[in-house]
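First, the structure itself, so that you have it in front of you.
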Amino acid sequence: MKRLRKMLAVTVMSITVISMSMLTVPFQVGAAAKAGDLIKMNGLSSVYSLGTDGKRYVFPNQSTYFSWYSDWSKVVTVSQSELESYPLGANVTVRPGTKLVKITTNPTVYAVEPGGVLRSIVSEANAIALYGKDWAKKVIDVPDGYFTNYKVGTALTAGVYPAGSLVKSATSADVYYFDGTNNRKFADEAAFVSNRFDFSNVVISAAAIVAGGIAIAANDTTLSDTTSGAGGTAGSGTGLTVALASDTAVSTNVIGGQAIANMVSFKLTAANDGAVTVKSIKLKRVGISSDSVLSSIYLYEGNTKLTDAGSLSSGYVTFSGTGLIIIPAGQTKTISVKADIAGVTGNVGLAINAASDVVTDGATIVGAFPVNGNQMSAMNASDLAKVAVGAVSGSGNVNAGTVNTTLWSAPLTITDKSVNFKYVSFRQLGSIASDSIQNLKLYVNGIQTGATSTINSSNRVVFDLTSAPVLLDTGNRTIELRGDIVKGSNSTFSFSLQVASDIELVDSNYGVNVTASSLPKTTGSATINSGNLVIAKDQTFSTTQVVKNASNVTLAKYTMKAYGEDMKITTLNAAVSFNGVVAVGDGVNNLSVFVNGEAKGTSQSALQTIAGTFATTTKTYGTTNLFTISAGQTVTVEVKGTLVMNSALTTATTITTNLAAVAGAYQGVTSFANTPVVSTSYGTSALTIVSTGLAILSKNNAFASVQTISSNVQKQKIGSFVFQAGSSEAVRATNVAVKLAVGTMGITDATNLYISETPTNVIGSPVATPSANNFPVDFTLQPGQTKTIDVFADVALVGDNSTLQVSDLAITARTVTTTLTVEPANIAGQTLTFVAGFVATPVSVSADAPSALVVGGSTGATAAVYKFVATNGAATLSSLKFKVYQNDGTTPEGTAINSLTIGSVTAPVVANGSDFVAFFDKTLNISVPVSTIGTSVTVTANYNTVGTNNVTTRTQSKLKLTDYRYQIGSSVPADVVSTPVSANTMLSVASKAVVDLGEYSSNNTVPASRVLSIGTQEVLRFKVVAQNGSVNFKQFAITPVFNGAGTIAVVGVYDLADLSTNLISAPVSLATSSTQYIIPLASDSLISTNRTYVVKVSVGTLGAVNTNNLTLSLTSVDTISTGTNWQWNDTTVGSYGNGYLLKNLPVNGYSFNY
């Protein structure tokens, strides 16, 4: 700033003021003017500034002109036709920070702020404090006629400079531009002069000046735009204005490993006469740095990512798209550029270098180019949090209708520091429609986080946790995407976390985004199986009785839900049966099928025609298209009818009505698949026929009549009943009386008796001892309405085979309108027999945790799944103990696995004598309800690193469950030493190979030519993919199947990238069909990412046309301990492993024919 100090010491340059009408200075004559030029026409004295909007703005007088310019040297003379082609804009106003103004008819003195805003200087004392004792020399008069060009704002605050002022302190040479909020420092004299500021306008502040905002290092068009206060609109007309955003990122440090660091923000403003579509933006790297500093670059609008990752090449990166950014007419969008920072150093920034670097749909680009962002200093921080994404798993092929299935799951290994999880975006890569999978939820360590999401129009599932981030401590944390498979039969899906910008993890110390490593993580393609129709009894239909001669009553009720695709119901049958004699003419009239309350088909009669026992009568509704259920929709189907029982000869006491379907009655609208395979009947409960219709009390068929359960349980349901109002009028209930039959147990063994609709929705007040068993209630049921009344009690520990029954339940009620006493028959409830509950020895669900190659260092990898079944009482598992062995199941193994995790609980693998044990000691809380299906418990393993001084490659590890602890109700916990239950064996490797037959697989359409011919030709192509690191590939096995052709030999194996180098040293003769042959490579083939191999064979002879064929398939019969048909390793050892567990083997090739 020495030069600034020197300039401030120079006497203010004097300017000769000449009347605008007497200008005689020789002006330049040149080509067509451009935005920002000063122009005039030959023969006229008026001078204009040509705005970026294509309009000309006139200087009303010399004092206004000289507030912006020091002389006339920049004025360009244009032709009359050109001048007239520029429409008039408005009058230029005095430049802020240069002069004070007033009008001749009013003594008030104003300071001018940007936009032509006038601020009263308040008082002479304030003027002296701001501008010194000679402040009056800064005042100029504005003619009254031009005063309307300005806008009068509020008065200045005493002691505060107006926006636009140039200020410095008396003790420093630094000069600042005050923008109304911040004192923006000029970097040097060049920055000051480039914005056409004059040092004579710098004022000296008595107060200390604190720098703020963005430093001024170059020309800033927002400061030097002559038309800024003249009412001009940037970019008006058919154009797009590009400018640096005022809130662009300030210069700061960025850290190697930081993700989506905010680099720069640009404002894009569309013309008033139409929207502008940006098709391409090219950014230039600026600063002393290399392209490698920014590993990935993205465009954002707010928190929405507009582009996939771009990479710098020779200092530039280009983003393109037909509708990359659309700016509505007259509006402005702020586009931010964010980048992932590599672990290198340097000063780096990004810029739009020229107007040609922005491509639109035809709009003219205007702006002060280059538009440079601030430069960031790249640095390294050894203790920045690190996040590695582990192996991913998905659902695999899934049936339509599967609910809350895991679509994407992977562990995050977090080291050095905890991180705040703020955002994640999964991309869906399959063929499904966006609504095929619904109720998408994000889970962190098994707990739902954030709101339920959907697949958006960009095929992404986004969870924005910014308002409530989830703190992830160091260690292993699993994130899952779950959803409901609603539709999409025969279509595919796959979910991917692709790049670092797809997940926002913020270091808890540095406050910067951390780059998640080991991306992308993409699940395998999964297929939604053909659609199906699920039919079930409607659980809301609790009616147990029906009144004789009742009209249009519901006899059966079902729910139907279509999964995977729309399902067409072509026909339905309704079958009616009575349990006894029905007189001729009695039965059911107007038997109808209703779907969501609407009748389908024609009503029919099911009346007795021959005296005697009523034979089941079936009626058919519809022939080709009764109704269609949309995929994901649930409908209610009712069978209704009028019960006709007029004859005294009719003695039947129950009626049963079932829906039924003939084979193929349901058809998938997309797949045309017909179900069911065989005729199917959907059973319901019989309804008791009663003669009175005021009210009905019955046992609830949904609660089993005879049950065997465990005792010593609080709030045990001991009975369930249904109270139903008749069809004529409403019924009001006022009391429920309960009697118990306790059998061999004592009356005091059942305490805290209460009645309820649910365990928590208590009706009346609980009774401490069952001897006082009246429950005052007050509820009203409308005609036909039902209420379920459950009876609960705390059951003490009693002897085996003790019984308990609600022997009698009575309800006191009256009709609402006629006030008649309602006396439904008292009824006995269900019988409960108490025996000891238990959890059986679990079984290993090997299909859910198959043997696999596991990369050392992986976390959250499924090592075993065990199924537990509870009998006679719901149980809670609190402890599980596992031992780790090699494949033989007897040799302890203590190196491969570091720890095991169940849910969110982790237990280390530690030495225990000669064994290695992981013990979840009373740390679990796993519910096992009573069912024959059981509860599956997934055990994941966190593996140690494989390699030198670590775990030896191909180390075997197998889990055995040896002990478990559970509790049923309030009983004493049971500790069980189990017969060891083995899981499958896993092999630890540093990296693994995956075999992919690719375009020559039997289900692909390439190669285009599959004609077998004599001579040498390519018949097989396969890819070996290295995952999680490099692999060495040495040998593979093939099995040929051929007919007709003779003298066949593998004569060449080539790298697709080098078809001139044969990788085998000698041909391998294929003498016998269906026999495996070994193909050794001449030397190791080191694969860092993937390599495609091309296999060529020679065919010596062919038989007659249409009798020859040849297929080469990749096969392996290697086991964990034997076989060397394939040879590969993970580069940590010199020896080779075999083909055991190589993914995708065996796989069939394509048939070549002649």
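Derivation of every value follows stated rules applied to the coordinates shown; laboratory data play no part. Keep in mind the model is a prediction, meaning the values are calculated, not measured. Note that we place each Cβ from the backbone using ideal geometry, even for glycine, and neighbour counts take in every protein chain shown.
Which whole number of Å³ per residue matches the convex hull of the alpha-carbon atoms in region 386-527?
About 91 Å³ per residue, rounded to a whole number.
Turning to a different aspect of this structure: What does the helix-only formula give at 222 nm for the chain: each DSSP H stretch with n ≥ 4 adding -39500 (n - 2.57), the total divided by the residues, and the result rounded to the nearest 500 deg cm²/dmol? Before the final figure, lay out the partial values.
Working: 6 runs with 39 residues, N = 1154.
Helices in the chain give a 222 nm mean residue ellipticity of -1000 deg cm²/dmol.
Å³ per residue of the Cα convex hull, for region 929-1074?
Values: hull volume 36.4 nm³, N = 146.
It is 249 Å³ per residue.
Going highest first, how would you order 50-56, 991-997 by mean Cβ packing within 10 Å?
The densest-packed peptide leads the list: 50-56, 991-997.
For region 992-1153, what does the equivalent ellipsoid look like in terms of its semi-axes, each the square root of 5 times an eigenvalue of the Cα gyration tensor, given largest first in whole Å?
Ellipsoid half-lengths, sorted descending, are 27, 16, 15 Å.
Over all Cα pairs of region 115-157, how is the pair count split among 10 Å bins, expressed in % and running from 0 up to the last occupied bin?
All Cα pairs considered, the percentages come to 25, 48, 27, 0.
Find the centroid of the Cα atoms in region 609-662 and in region 664-680, then give the distance between the two in whole Å.
Each part's Cα centre sits 22 Å from the other's.
Here is a further query. Show me, for region 619-625, the HN-Hα J-couplings you get by feeding each phi into the Karplus relation (A = 6.51, B = -1.76, C = 1.60, θ = phi - 60°), rounded to Hz, glycine and proline as x.
Along region 619-625, the couplings run 10, 10, 10, x, 10, 10, 7 Hz.
Taking the Cα atoms of region 695-832 alone, what are Rg (to one decimal) and Dmax (as a whole number) in Å?
My reading of the Cα-based Rg and Dmax gives 15.1, 50 Å.
Moving on. Cα extents of region 310-457 along the three principal axes, largest first, in whole Å?
57, 44, 27
Could you sort 924-931, 362-369, 650-657 so that the peptide with the highest average Cβ count within 10 Å comes first and the rest follow in order? Walk me through the numbers on the way to the answer.
Values: 924-931: 14.9, 362-369: 19.9, 650-657: 18.4.
With the highest mean Cβ count within 10 Å placed first, the list reads 362-369, 650-657, 924-931.
Further question: Given that compact globular proteins tend to follow 2.2 N^0.38 Å, what is the ratio of the alpha-carbon Rg of region 821-865 to that value? Numbers along the way, then the final one.
Working: Rg = 25.4 Å, N = 45, 2.2 N^0.38 = 9.3 Å.
Dividing the Cα Rg of region 821-865 by 2.2 N^0.38 Å gives 2.72.
Another question, if that's okay. Divide, for region 621-719, the radius of gyration over alpha carbons by 2.2 N^0.38 Å, where N is the residue count. Write down the numbers at each step before the final one.
Numbers: Rg = 20.2 Å, N = 99, 2.2 N^0.38 = 12.6 Å.
For region 621-719, the normalised Cα radius of gyration is 1.60.
While we're here: For region 311-372, what mean projected area does the convex hull of the alpha carbons give, in nm²?
Directional mean of the projected Cα hull area for region 311-372 stands at 5.6 nm².
Sticking with this one: Evaluate the Kirkwood expression for the hydrodynamic radius of region 28-75, namely the inverse of the mean inverse distance over all pairs of different C-alpha atoms, and round to one decimal in Å.
Evaluated on region 28-75, it is 11.2 Å.
For region 90-205, I need the span (max minus min coordinate) of the C-alpha atoms along each principal axis, in Å, sorted largest to smallest.
41, 34, 24
What Kirkwood hydrodynamic radius do you get for region 822-916 when you take the inverse of the mean 1/r over all pairs of distinct Cα atoms, in Å?
After inverting the mean inverse Cα-Cα distance, the result is 17.4 Å.
Which value does Rg/Rh take for region 2-224 over its C-alpha atoms, Rh per Kirkwood?
That ratio is 0.97, to two decimals.
List the relative contact order of the chain as a percent without decimals, with contacts defined as Cα pairs under 8 Å and 6+ residues apart.
Worked out over the chain, it gives 5 percent.
Provide 839, 1105 in ascending order of the number of other Cβ atoms located within 10 Å of each residue's Cβ, fewest first.
Ranked by crowding around the Cβ, least crowded first: 1105, 839.
So if I restrict to the alpha-carbon atoms in the chain, what is the Rg, and what is Dmax, the biggest pairwise distance, in Å?
Every Cα atom of the chain included, Rg and Dmax give 42.2, 129 Å.
Rg/Rh for region 234-379: what does it come to with C-alpha atoms and Rh from Kirkwood?
Values: Rg = 14.7 Å, Rh = 15.1 Å.
That ratio is 0.97, to two decimals.
Expressed as a rounded percentage, what relative contact order does region 234-379 have, with Cα pairs under 8 Å and six or more residues apart? Let's see the in-between values first.
Working: 426 pairs, mean separation 55.5, N = 146.
Contact order relative to length: 38 percent.
How do the peptides 253-264, 632-643, 393-404 rank, highest first, by the average count of neighbouring beta carbon atoms within 10 Å per residue?
253-264, 632-643, 393-404
Please work out how many pairs of lysine residues in region 386-527 are eight or more positions apart (or on different chains) and have Cα atoms closer than 22 angstrom.
7
Now a separate question. Which residues' amide hydrogens lie under 5 Å from the amide hydrogen of residue 431, considering only partners 5 or more residues apart or on another chain, with H built in the peptide plane?
Those qualifying (amide H under 5 Å, at least 5 residues apart or on another chain) are 492, 493.
How high is the relative contact order of region 695-832, given as a whole-number percent (alpha carbon pairs under 8 Å, six or more residues apart)?
Across region 695-832, relative contact order equals 39 percent.
Hey, if you drop one equal point scatterer on each alpha-carbon of region 838-989 and run the Debye formula without solvent, what base-10 log of I(q)/I(0) do you get at q = 0.20 Å⁻¹?
-1.20
Another one. Give me the one-decimal Kirkwood hydrodynamic radius in Å for region 533-690, with the sum taken over alpha-carbon pairs.
16.0
Another question, then. Listing 68, 1126 from the residue with the fewest other Cβ atoms within 10 Å to the one with the most, what is the order?
Fewest-to-most ranking of 68, 1126: 68, 1126.
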